[in-house]
1. Pull out a ≥ b ≥ c, the square roots of the eigenvalues of the alpha-carbon gyration tensor of region A:124-185, then state rounded if a/c is under 1.5, prolate if not and a/b is larger than b/c, and oblate in the remaining case.
2. Please report A:1, B:229, A:196, A:177 as a ranked list, fewest other C-beta atoms within 10 angstrom at the top and most at the bottom.
3. In percent, how large is the relative contact order of region A:1-155, given Cα pairs closer than 8 Å and 6 or more residues apart?
4. What does the C-alpha gyration tensor say about the overall shape of the protein assembly as shown? Classify as rounded when a/c is under 1.5, otherwise prolate if a/b is larger than b/c, or oblate.
5. Could you state the number of Å between the C-alpha centres of region A:149-163 and region B:126-171?
6. Evaluate peptide A:63-75: per residue, the Cβ atoms of other protein chains within 10 Å of its Cβ; return the mean as an integer.
7. Looking at chain A as a GNM with Cα springs under 10 Å, which of A:118, A:104, A:254 has the largest mean-square fluctuation?
8. At 222 nm, what helix-only mean residue ellipticity would the protein assembly as shown give, in deg cm²/dmol to the nearest 500, using -39500 (n - 2.57) for each DSSP H run of four or more?
């Protein structure tokens with residue numbers, strides 16, 4: 001064989017090897033092939049952000065892979081609420097974890113979605129710079145604080161605190177930012193404070209530049225922020241799929257709340273395989289203390305949502321007095337109330 | 001060869017308007033026929049523009065964007081043109097500096113956003129800095145090219161008339177290079193307008209770029225998003241037309257050696 005042919009063969013073999021490795025290691029074939037399956041067999045796509053408010057989504061996906069029924073849906077990670085909202089509106093994803101006020105606002109604007117379940121309770125905090133000038137909430141006057149969206153419970157939480165401290169709404173400047181950007185912005189002095197879901201408060205704490213000013217529950221008992229919404233056409237067409245999804249989320253919530261080892265396991269696999277965050281960070285957020293964020297009970301309650309709706313109207317981001325029954329579908333959460341936690345331990349490699 | 005007929009006066013504005021109207025019609029009926037509930041029709045966009053104007057945000061945002069472009073672009077002109085003239089005048093210096101310029105030039109101003117925020121914080125200076133960066137390099141490169149393409153015979157003639165170096169630069173080289181510099185300025189203005197919108201999406205909380213993001217964040221209000229986009233386009237067009245007017249001035253016109 002000539003040298004040239006040899007070299008060519010080597011190059012071709014190299015290319016084949018690299019392509020094969022790439023498609024084996026990097027391509028998520030389940031997601032790629034999903035679009036080409038017949039509609040009734042197609043898996044739904046559930047959108048989530050890398051925050052602990054939505055931890056049940058990756059936990060359900062991970063554990064259900066080890067169960068006899070196999071994976072239940074395709075999770076897709078986003079980096080901010082606007083992108084997620086667009087994917088949901090244009091039917092690129094069929095279900096999503098979004099903040100409760102955004103679900104109400106989208107519903108009021110005519111997007112066909114229904115709230116079927118909650119994502120968590122608690123787990124949001126106001127964080128300021130450790131050595132900064134803000135010692136109490138009263139020092140927040142004239143400062144800039146980052147919020148995830150104008151339609152977020154975190155913003156409403158600020159309004160609750162402002163009422164307690166007698167601060168006018170226009171005395172604090174709010175900026176909408178993508179959650180993954182905030183702790184960097186705080187460290188770089190671009191903002192004075194932020195209010196976000198975990199693990200970003202923990203990130204600022206661990207990094208040594210942030211201090212939790214207060215946790216959400218101090219001003220809002222039974223605080224909830226992220227909730228699971230599903231498109232109406234999916235509910236009409238395949239209620240069984242929605243039920244499986246809600247059941248899975250409910251079981252993951254119970255599993256997370258059973259013991260500290262479960263939380264540590266979750267921190268490990270979610271951090272490595274889903275959020276691309278350090279497991280140590282998630283471990284901090286999930287276990288210091290254990291009730292920093294909780295995952296049960298998560299059935300939607302009218303009182304919670306009426307509170308959110310009234311506060312949205314009061315703060316000028318909603319102009320319609322929506323009724324609870326218009327934007328929620330509680331039959332799935334009713335049925336899932338008999339569910340038990342997953343029976344899954346990390347070492348066994350099987351789940352029930 | 002067939003010669004192009006020069007268009008009549010009414011044709012000059014009629015056909016562009018007709019083309020725009022046709023596009024609007026296509027857009028309108030595309031929205032109607034596909035029955036989309038997400039993408040807005042031209043009518044709802046028009047309503048969106050009025051809503052934005054009514055809330056008094058539109059004009060403030062337009063003014064903010066224009067102010068940032070004026071300052072950033074103005075600084076780029078004031079620094080870039082003399083620098084370009086110098087570099088063109090001293091080719092030895094240009095040889096030293098040019099590689100650096102060519103490394104910095106292709107870096108998109110958007111890539112500078114994180115650095116700009118670290119340097120200037122969130123606010124006007126960051127956005128102005130981005131505009132400056134975006135327009136500075138095209139201006140310098142155009143000025144260098146303009147100076148070095150001035151025919152040697154012009155300079156020699158100037159020398160023969162006993163002009164000093166500075167006079168030569170001011171009276172001969174600069175006017176002769178002006179057409180090329182102007183083309184650079186016009187390109188830079190277009191880039192400045194592109195960059196200010198992108199910069200406002202991240203670094204500040206006013207201006208047309210912010211208006212797009214703000215509209216996007218307010219739920220399913222894509223009529224407002226498209227309205228803001230249209231305003232950006234229309235103002236870009238106005239800037240370009242205004243600049244072409246300058247190019248047509250008599251004092252500038254003579255330099256177009258190849259023009260009839």
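Readers should treat all values here as calculations from the given coordinates under stated rules, not as data from a laboratory. Please read all numbers here as calculations on a predicted model, not as lab measurements. Because the Cβ atoms are built from the backbone with ideal geometry, glycine has one as well, and the counts that use them run over all protein chains shown.
1. Since a/c reaches 1.5 but b/c is at least a/b, the shape of region A:124-185 is classed as oblate.
2. Values: A:1 7, B:229 17, A:196 30, A:177 21.
Placing the least packed residue first, the sequence is A:1, B:229, A:177, A:196.
3. Computed over region A:1-155, the figure is 21 percent.
4. It comes out prolate by the Cα gyration axes.
5. Between the Cα centre of region B:126-171 and that of region A:149-163, the gap is 56 Å.
6. Values: counts 0, 0, 0, 0, 0, 0, 0, 0, 0, 0, 0, 0, 0.
Across A:63-75, the average partner-chain Cβ count within 10 Å equals 0.
7. Its mean-square fluctuation being the largest, the pick is A:254.
8. Details: 26 runs with 347 residues, N = 612.
Helix contribution divided over all residues of the protein assembly as shown: -18000 deg cm²/dmol.
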